[in-house]
Amino acid sequence: MNLSQLNSQQVKAVTQTSRPVLIFAGAGSGKTRVLTHKIAYLINENLFSPQNIMAVTFTNKAANEMKVRVQAMLPQYNIHSMNVGTFHSIAARILRIEAKILGFTSGFTIYDTDDTQKLIKEIINEYQINIQGINPKTARYYISKMKNAFKRPGDTESEMSSNKDKQMAEIYRIYQEKLVSSNAMDFDDLLLHPIDLFVNFPEKLAHYQNLFEYLLVDEYQDTNSPQFEFIRMLASHHQNITVVGDDDQSIYGWRGADVQNILNFEQIFTNVEIVKLEQNYRSSKNILEAAHSVVATNINRAKKKLWTDNDTGEKISVYEALDERDEAKYMVSCIQKFVGRVKNNFNDYAILYRTNAQSRAFEESFIRSGIPYTIVGGTKFYARKEIKDILAYLRLVINEKDEVSFDRIINFPSRGIGETTLKKIKYRASQLGSSPWDALNGIASLDIRAQQKKSLFQFKGLIENLQSMRETVSPYKIAKSLVQYLDLENYYVIQNSPEDVDRWNNIEELLLGIKTFCDENPDSRLSDYLENVSLQTDIDNWNSSANAVTLMTVHSAKGLEFPVVFITGLEEGLFPLWSGDERNMEEEKRLFYVGMTRAKLKVVLTFAQFRRRYGGDSEIPMLKSEFIKLIPEHLIISDTTKRKQWDNSAIAYRDRIQEIRAHMHKDPGSSLSKQNGSYKEDGNYQEGQIVQHKMWGRGKIHDVEGVGEKAKLTIVFTGNVTKKLIAGYANLKIIE
DNA sequence: ACTTGACCTACGTTG
DNA sequence: TAGGTCAAGT
């Protein structure tokens, strides 16, 4: 085994296999390399077989990469049987096998946040819970919090005093019953059910302790209590475990992650070997120094400092923008300037922000400039209505008890099953003590009209038909025949609105995605596809090699690296988003530290004087983030020259816009282009015009909303690509 | 049963 | 802005 690429501490972390190992791995200190080498070492030294190694990563993408790397190091072994994945995917794999003993079937559905919220909403409506401070969202948070603290329904009822507390506990109880009767689990359950399994069936615990002989856990600082317990139960017996973490990068406290798990590690496991990786191979000296200067002000922190052999590098750029649009413009100009000078490819650049909502201004700016970009996370593809509808059919095919999916599609596309009919079905189900699906066995005896009966028979027949295919036919073929049967193309395209055309395009994209999955996993069944979809992380869907600038939250950027990183919206109340209590503030600082340390060569920090929220017109004055002030001046280069030049004109510009808006309010007929000479003469577009766009080529304007610079144009481009563009940004040429 | 439009509220990060 | 809700209209 060749360990010559590793430094002495890394070698120690890899070769210590007889004691539990706790690796403190600073940002960019090569922990991925250590983990892959260690796995390869364990196998190559004949200490453990691939099928007896379990490795927990933070994304599925990282899991796959790890497998590929280990396989490349050990071509003579088949490492396919190794158990690598996120906590959730590893737990789900166990639960598929052990479902029966826990009262589920192996086809149980995994409910995402959206499904969970729908279910809670339904409970609140059904039980007419109408109390101040209780809504689906707060109830969802409450339930998740309870679960992460191992509190089961009923556990807390004795402590409950207020009416609200009692109602919350009641919602939790019904919610959990509904999950069980729907043969479904939420994300938290995926971790709790394996623990229940291990507690209630010691022979199962023994089985998995024997199966997972060696455990490795990445991003250990972000494990929450159930995750820690899962690990503890599996590994405390044999103590074959290596965990890697960095307390400075703990950024998931809000979802129950506890840095204390690092301290607990030394209590649960005995004779722990602690290895510290303090050499950074990623960033320039300036970047490391600046990042450290912020996180070092945290009080609850083990004192330490990374060092690097890398160059001093460029200073940190700081830009004070007028507002979020100016910030976005600056970003574009920087990238245009940097391409060729700092780094050549667009995928060398990452734009990070604290909240997803900030991506919008950047997106508009990038479209206008023609710079290719990709957004990670945000409005998720699989969360779109048209996608969820199809997935709901497929889920019902696998798990007919799934009530959330049943509710979603029983009348989609509309088949005349309204609220009244659905209530009758549900009433029948409650009488039988069964799921709504089972209640459909007695359609004939339901007190509903003939038309509704016919619809329900057809619906039932469709699902049963698909069920007959689920074990033998590929997921792609099943999905395709479903879409064809429902005639969704016609359903959406016939309406011809750009939104509906978009929806149909998304469905085609979904089908393509299912096809790709089937090509990559030839023997997979429908249930495999659904599991893959439910447990995908944002990063899993990100193509890092595409030549495009990446836009994402700082949270999503954890574990990644880029030559050039922009951290944006550095304003009090945005980043840091919270400044109230010390604990939150320290986590915000760590988050900022994570963002800074993603960069290899260059960091650009930006903040705005004013920012619009909720997409409205009102601009809120903002204050420069304290984080920037914590960075020593000698590490910073301010982009103020440019600012001063157009500060006055920019403010005059903003005032003028506000004046015009006030005027427009009184006189809706007037447009900005008429009143303000600085706007483009050809800024007025009409329906039916043929226009030319830099990226999408020739297109026809289908709709114009608003006037002048701010008008939103719906344009159908060649190849039936529909886009909504802002007139002032679109840079269109009118052809005819 | 389903569609339309007025009105309200929300922008905190994820599996 | 945009998504959700509710009431009125078809």
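Please give the number of the condition A:Ala357 fails out of (1) surrounded by fewer than 22 Cβ atoms within 10 Å (Cβ to Cβ); (2) within 30 Å of A:Gln692 (Cβ to Cβ); (3) within 16 Å of DNA strand B (Cβ to nearest atom).
(2)
Does A:Gln128 qualify as being on the phi < 0 side of the Ramachandran plot, away from DNA strand B (no atom under 11 Å from the Cβ) and not in a helix (DSSP H, G or I)?
Considered against the rule, which asks whether it is on the phi < 0 side of the Ramachandran plot, away from DNA strand B (no atom under 11 Å from the Cβ) and not in a helix (DSSP H, G or I), A:Gln128 comes out as no.
Which of the residues spanning the stretch A:133-153 are of a type in the set (Lys, Arg) and under 16 Å from A:Trp254 (Cβ atoms)?
Matches in the stretch A:133-153: A:Lys137, A:Arg140, A:Lys145, A:Lys147.
Considering only residues of the stretch A:386-416 that are free of Cβ contacts under 8 Å to residues at least 60 places away in the same chain and within 13 Å of DNA strand B (Cβ to nearest atom), which is farthest from A:Tyr485 (Cα to Cα)?
A:Gly416
Quickly run through the stretch A:468-523 and pick out the residues that are at pLDDT below 85 and acidic (Asp, Glu).
Result: A:Glu499, A:Asp500, A:Asp502.
Hey, A:Glu177 hits all of (1) of a type in the set (D, E, K, R); (2) within 16 Å of DNA strand C (Cβ to nearest atom); (3) under 21 Å from A:Gly433 (Cβ atoms) but one; which does it fall short on?
Among (1) of a type in the set (D, E, K, R); (2) within 16 Å of DNA strand C (Cβ to nearest atom); (3) under 21 Å from A:Gly433 (Cβ atoms), the lone unmet condition for A:Glu177 is (2).
For A:Tyr529, all conditions in the list (1) more than 30 Å from A:Val259 (Cα to Cα); (2) within 12 Å of DNA strand B (Cβ to nearest atom); (3) crowded, with 21+ Cβ neighbours inside 10 Å; (4) not acidic (Asp, Glu) hold save one; what is the number of the exception?
Evaluating A:Tyr529 over (1) more than 30 Å from A:Val259 (Cα to Cα); (2) within 12 Å of DNA strand B (Cβ to nearest atom); (3) crowded, with 21+ Cβ neighbours inside 10 Å; (4) not acidic (Asp, Glu) leaves (2) as the failure.
Name the one entry in A:Arg583, A:Arg613 that is out of contact with any His (no Cβ under 6 Å at 6 or more places or on another chain), within 16 Å of DNA strand C (Cβ to nearest atom) and more than 22 Å from A:Gly28 (Cα to Cα).
Checking each option against the conditions leaves just A:Arg613.
Could you list all residues from the stretch A:1-15 that are surrounded by fewer than 16 Cβ atoms within 10 Å (Cβ to Cβ) and touching a helix residue (DSSP H, G or I) at 6+ places or on another chain (Cβ under 9 Å)?
Hits for the stretch A:1-15 are A:Met1, A:Asn2, A:Leu3, A:Gln5.
Can A:Ser106 be described as more than 11 Å from DNA strand B (Cβ to nearest atom) and surrounded by fewer than 19 Cβ atoms within 10 Å (Cβ to Cβ)?
When the stated conditions are applied, A:Ser106 passes them.
The values are calculated or read from the model by the stated rules, or taken from the named source; none is laboratory data. Since the structure is predicted, the reported quantities are computational estimates derived from the model, not experimental observations. All Cβ positions, glycine included, derive from the backbone under ideal geometry; neighbour counts span all protein chains shown.
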